[in-house]
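**Q** One structure follows; several queries about it will come next.
The values are calculated or read from the model by the stated rules, or taken from the named source; none is laboratory data. Computed from a prediction, not measured in an experiment: that's the story for all the values here. Methodologically, a virtual Cβ is constructed for each residue, glycine included, from the backbone with ideal geometry; neighbour enumeration extends over all protein chains shown. Remember, those area values only see protein heavy atoms, side chains included, never the ligands or the DNA or RNA. Shrake-Rupley method; radii C 1.70, N 1.55, O 1.52, S 1.80 Å.
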Amino acid sequence: MTPPPVRPDDPVIGIVEDAGVRPSPARARAHRLWGGRFAAESAPALDALNRSVGTDFRLWPHDVRASMAWAVALWDAGVLTLEESQRLEMGLSSVHQQLSDGARPETGDEDVHTMIDRMLNAEVGDLSGRLHTGRSRNDQVATAARLWCADAVTGLDSAVRALQETLIGHATALGDALMPAYTHLQRAQPVAAAHWLLNHFWPLERDRARLAAAGRSAMAVLPLGSGAIAGSAYPISRVLLKESLGFSGVSPNSVDAVGDRDFVAEVLFATALLATHLSRLAEDLIVFGSSEFGFVQFGEAFTTGSSMMPQKRNPDALELVRASGGRALGDLVALLVTLKGLPSGYSKDMQEDKRALFDAVDTLMLVLPAATGALGELAFRRDRMQAAVGSGMMATDVADYLVARGVTFRDAHRAVGTLIRAADAQGLELHELPFAEFAAVHPEFGIDVFESLSPRRSVERRDLTGGTGPGALQAQLEAARAAMAPPRDTPRGNGVVIGAR
Ligand code: ARG
C-alpha cells in the first residue's frame, strides 16, 4: 500500500524533492517503532493524520544528541558493550552529518524519531534496534523539545535586544524634544519624546527576563529515563544523562515527566506577551505616522505602495507586526486548550504542542527583525511633536500653581476646569486667555501663572525617578544601556559532548 503524501502544509515536501532524497516508503515503514502487534497495514488516512515529521523534523539535532547520551547511558548500565555503544555513537554522528548536509525525511517516516532510527539502521544495521532499549518516544520527545526551547529563547533574546538597541539609539538622538503623551488617546501632558519611546523598551526587557526564565524551566528537569510512563527498567544513570545534556535536574515523577508541557506553555506565554508588546509599539508608530499626527515619517525599506493610489506609503511591516499579536496568542490558547482535560501521562494530543511552539517562535523570529528595521528607518518630526503640545495640556501644572499657594488640589482642579471651559467657549488656548479671566476665577492667581504654561517647565518639574524630567530621563537612558551591556546568561546545554570512552 502506498503511504499517503506528506501533509499539504508540510514544509518538508518541497525539501524532500529538492534534496534529491529518493523516497523509500517501504523502508521508512519498516522502521516504525510499533508494528509488531498489528496484522494489517494502517489506514492511509491515519498515517496522514499521525505523521508529524513535517513539523518535528527540526528537533533532529537535539534528538540525535540525546540518543548519543542514551547510548552511553546504556553502556554505563551494562545493557550495551562498550563496542556497541561506540558503534551507535559513530552511527549517530554519521546521521548527524547527513542531516547537516541536507538529508530529509522519506515519505513514509512517521516522525523525527523514527526517521533517525531508519537512518541509524542504514549505518549500523540491526544494532540500531538496541538503542531503543528502556526508552520511549514519550521521554525522547519531551527531552528533545526541552533542548529546542532552550535554544529558541536564546535566538529570541538576541532579536529582542536588537530592537531594544534601536529604541535606545532613537531615544538618545531625540535629546530633549517634547511631545504630547496621551491617555485614552486624548492629549494628556507633555513628555520628552525619548521618554515615550523608552516606554516600549521596558516591556521588552521584561520579555527577555520571561524568555530566559522559560528557558531555565525547559532545562530544569530531564525527562529521559522516564520511559513511556513508568520509568526505565534498566539501571540508567540519569545524573550522567542530565550532566551530559546540560539539564539542571532530573524529573522526580515519570508520569508527570512524559505528560508535562508546562515548559512549552511558558515559552508560548512569553512569546504571546512579547508579541502583544510589539503590537502596541507598532500601533503607536502607525498612528503617529498618519498625516493627522505626522510625528514620525516611515522609511522606504519597510513600507509598500498602493496598486491604485500613487501617493500611498503604507506601513505594512508595522501592520504585520501588530497582527502577530493575535497569532502568538492563538498559539498559546491552542496549547492550553489541548492540554486542558488530558488524562495523566502522554496522549497523542501532545504531538500538537510543537505546531503551536514552532509557529509562535517562527512568527516572532520573522516579526522582530522587521520591527527593528521599520523602527530603525523612522524619522522623527520634532517640529510636529512640539507643535502638538497645546497649553491646555499644562492644566495640571496650573492647578499645581494654586496648590503651591495653599489651595487644596480639589479647589484648584475646579478653578482650572472653569478656565478651560472659558477658553473653549472663546475658541482660545489656555495661554491666550487674558489674565483677568484667571484672576476672576481664583484670587490666588498672579501674573506669573503664565510661567506654569510652559511645556518645557512642565516636563522639567517631573524629575523624580521614573518621571519625564531631564535628569530622570538621563538616568533612565543609563539604566537602559546598562540592561543591554552583558548578554543575558540564557540556559543551554553545558556543551559536554559525550565521545567514545
Ligand atoms: N511524534 C510524537 C510526539 O511528538 C512522539 C511521541 C510518540 N509517542 C507515542 N506514544 N506515540 O508527541
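**Q** With no solvent and one equal point scatterer per Cα, compute the Debye intensity ratio I(q)/I(0) for the chain at 0.07, 0.08 Å⁻¹ and report its log10, rounded to two decimals.
**A** Taken in order of the listed q values, log10 I(q)/I(0) reads -0.54, -0.65.
**Q** Just name one of 302, 388, 70: the one whose Cα is farthest towards the positive end of the charge dipole of the chain (beta-carbon charges, Lys/Arg +1, Asp/Glu -1).
**A** 70
**Q** Here's a follow-up. Express the accessible area of the chain per residue in Å², computed with a 1.4 Å probe while the remaining protein chains stay in the model.
**A** 45
**Q** With +1 on the Cβ of every Lys and Arg and -1 on the Cβ of every Asp and Glu, and nothing else charged, how large is the dipole of the chain about its Cα centre, in debye rounded to the nearest 20?
**A** Charge dipole, the chain, about its Cα centre: 600 debye, nearest 20.
**Q** Measure out, as a whole number of angstrom, how far apart the alpha-carbon centroids of region 209-246 and region 109-184 sit.
**A** Value for the Cα centre distance between the two parts: 17 Å.
**Q** If you average over every viewing direction, what projected area does the convex hull of the Cα atoms of region 251-375 give, in nm²?
**A** 9.6
**Q** In the calculated pair distance distribution of region 365-435, what percentage of Cα-Cα distances lie above 18 Å?
**A** Value for region 365-435 (Cα pairs over 18 Å): 58 percent.
**Q** If we sort 181-187, 68-74, 445-451 on the protection proxy, mean other Cβ atoms within 10 Å, highest first, what's the order?
**A** Going from most to least packed, we get 68-74, 445-451, 181-187.
**Q** Right, next: To test your reading of the geometry: what angle, between 0 and 90 degrees and rounded to tens, separates the Cα axis of helix 395-404 from the longest principal axis of the chain?
**A** Around 60 degrees separate the two axes.
**Q** Related question: Taking the 0 to 90 degree range and rounding to the nearest ten, how far is the long axis of helix 353-376 tilted relative to the main principal axis of the chain, both from C-alpha atoms?
**A** Result, in degrees: 40.
**Q** To check you understand DSSP bridge types, tell me what percent of the beta bridges within the chain (both residues inside) are antiparallel, rounded to 5.
**A** About 90 percent, rounded to the nearest 5.
**Q** Which one of 317, 335, 357 is farthest out on the positive end of the charge dipole of region 264-373, using unit charges on Cβ (Lys, Arg +1; Asp, Glu -1) and the Cα centre as origin?
**A** Checking the options against the dipole of region 264-373, the answer is 335.
**Q** Here's another thing I want to ask about it. Quick one: angle between helix 262-288 and the longest Cα principal axis of the chain, in degrees between 0 and 90, rounded to 10, please.
**A** 30
**Q** Still on this structure: Given a 1.4 angstrom probe, I'd like the percentage of the accessible area of the chain that is carbon and sulfur, rounded to a whole number.
**A** The computed percentage sits at 56.
**Q** With 5 Å bins from zero, work out the P(r) of region 195-268 over every alpha carbon pair and list the percent per bin.
**A** Percent of Cα pairs in each bin: 4, 15, 19, 19, 13, 9, 7, 5, 4, 3, 2, 1, 0.
**Q** How high is the FRET efficiency from residue 429 to residue 220, r the C-beta distance, R0 45 Å, rounded to 0.05?
**A** It comes to 0.15.
**Q** With θ set to phi - 60° and the Karplus curve 6.51 cos²θ - 1.76 cosθ + 1.60, what are the ³J(HN,Hα) couplings of region 185-201 in order, to the nearest whole Hz, using x for Gly and Pro?
**A** 6, 10, 3, 10, 9, x, 9, 5, 4, 5, 5, 4, 4, 5, 5, 8, 6
**Q** Mind listing P(r) for region 64-197? All alpha-carbon pairs, 5 Å bins, whole percents.
**A** With 5 Å bins starting at 0, P(r) equals 2, 9, 13, 13, 12, 8, 5, 4, 4, 5, 6, 7, 6, 4, 2, 0.
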